[in-house]
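See below for the structure under consideration.
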Amino acid sequence: MTAPVDPAPLERVASPPRSSGVRHGQDRTDLPRHLRSDHRLNAREQVAETRVDDAEVHPEHDAVVRSAPSDTGVAPAGYGRPGNWSRVKYTQHEAEHEVTLSPQAPATAVIILLHGLGADGWDFVPIVNELGLPDSVPVRFVFPHAPVRPVTVNGGYKMRAWYDIRSFTPEGRADAAGLAEASRRTAEYIRRETDAGVPASRVVLAGFSQGGAVALEAGLRYPDRLAGILAMSTYLPFPETLAVERAAANEDVPILMCHGREDPMVPFWMGTECRDALTSLGYPVEWHDYPMQHEVCMAELADVSRWLRARLA
């Protein structure tokens with residue numbers, strides 16, 4: 001019997017530890033591997049604590065990075081500088097199926113971010129304050145947990161996954177039933193927010209890798225207009241079905257795609273294939289690529305922050 005493969009190498013993700021706590025001046029070893037600054041960027045990291053009210057907060061998720069978000073080491077004006085950085089205060093809560101960060105003021109916008117294979121909703125919590133979104137736009141962040149299921153390419157090893165991956169081929173990179181289930185569940189998260197008073201036009205659907213594939217699958221078929229779709233290091237599972245299944249309400253929804261040129265898990269060509277398929281259907285895709293592997297770098301977070309500000313202003 002083949003030994004199960006560690007899920008972390010598959011998508012270079014790992015759930016953060018739940019006990020170590022980070023304080024000002026310590027190294028960012030608590031961050032998931034794909035969220036740490038690429039050593040090639042020579043980013044100088046400084047850590048500060050996020051102010052969170054919830055007494056059940058895991059302290060290691062309160063750290064944020066302020067570092068120059070570019071491969072030149074120069075930050076754009078207003079980004080990552082202590083004098084201009086917005087310290088939004090959030091209440092952090094974990095339910096059975098998701099982690100939620102809520103602003104003190106009533107939320108006027110929502111970002112739903114889906115993690116990658118083998119991770120969980122905590123994986124992207126550390127980026128919230130790194131995005132530096134203004135406190136003038138109260139944003140609620142929702143980080144759902146994927147269900148635990150066997151993953152074929154990992155020898156049937158059970159891990160959190162939005163759907164099964166049978167092989168790293170166009171035909172086997174997603175199972176239709178699992179993807180449809182994940183898409184329905186994501187749509188329910190959007191409807192929950194609209195029921196709470198935030199219109200779909202103020203909801204950004206985002207995802208990394210497998211989570212990005214679900215964000216595209218669900219967002220482009222959602223019947224009400226969304227604020228935008230953020231797809232990081234991902235691909236389009238079934239491009240041939242999108243033309244007949246896409247929703248008219250989101251036929252020109254803004255899409256931001258980011259991908260590493262050296263990605264060994266979701267190869268660069270899969271990202272450009274996705275981009276080209278979307279643009280051929282008339283979607284306005286903003287594309288950025290970076291000298292990185294299957295991860296998120298500071299230059300990418302700077303581009304994401306700028307794009308989110310434009311969508312939610």
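The number of residues in the stretch 267-304 being closer than 11 Å to Ala231 by Cβ, in contact with an Asp or Glu (Cβ under 9 Å, 6 or more places away or on another chain) and crowded, with 22+ Cβ neighbours inside 10 Å comes to 1. When each of Glu300, Glu295 is tested for being at pLDDT 95 or above, touching a helix residue (DSSP H, G or I) at 6+ places or on another chain (Cβ under 6 Å) and outside any strand (DSSP E or B), the lone residue that passes is Glu295.
All of (1) over 21 Å from Ser280 (Cβ atoms); (2) of a type outside the set (S, T, N, Q); (3) within 20 Å of the chain's Cα centre (by Cα) hold for Gly212 with one exception: (1).
Kindly evaluate Ala215 against the criterion of being closer than 24 Å to Val151 by Cα and part of a strand (DSSP E or B). No; evaluated as a whole, the condition is false for this residue.
Checking Gly132, Gly156 one by one, the residue that is on the phi > 0 side of the Ramachandran plot and surrounded by fewer than 21 Cβ atoms within 10 Å (Cβ to Cβ) is Gly156 and no other. The residue that is nearest to Asp263 (Cα to Cα), among those in the stretch 167-218 that are among the β-branched types (Val, Ile, Thr) and touching a residue at least 24 places away in the same chain (Cβ under 8 Å), is Val214. Taking the conditions (1) free of Cβ contacts under 8 Å to residues at least 60 places away in the same chain; (2) assigned to a strand (DSSP E or B); (3) over 20 Å from His294 (Cβ atoms) in turn, Ile111 satisfies each one other than (1).
Do the conditions hold for Asp224, that is, is it surrounded by fewer than 18 Cβ atoms within 10 Å (Cβ to Cβ), in contact with a Ser or Thr (Cβ under 9 Å, 6 or more places away or on another chain) and not hydroxyl-bearing (Ser, Thr, Tyr)? Yes, satisfied. For beta carbons closer than 9 Å, sequence separation of 6+ or different chains, a first residue in the stretch 229-248 that is without any contact (Cβ under 8 Å) to a residue 24 or more places away in the chain and among the β-branched types (Val, Ile, Thr) and a second that is part of a helix (DSSP H, G or I) and exposed (fewer than 15 other Cβ atoms within 10 Å of the Cβ), the qualifying pairs are Thr241/Ala176. Looking across the stretch 268-292, the residues that are β-branched (Val, Ile, Thr) and either part of a helix (DSSP H, G or I) or more than 19 Å from Leu205 (Cα to Cα) (or both) come down to Thr272, Thr279.
The values are calculated or read from the model by the stated rules, or taken from the named source; none is laboratory data. These figures come from a predicted structure and were not determined experimentally. Here Cβ is always computed from backbone atoms with ideal geometry, including for glycine, and neighbour counts include all displayed protein chains.
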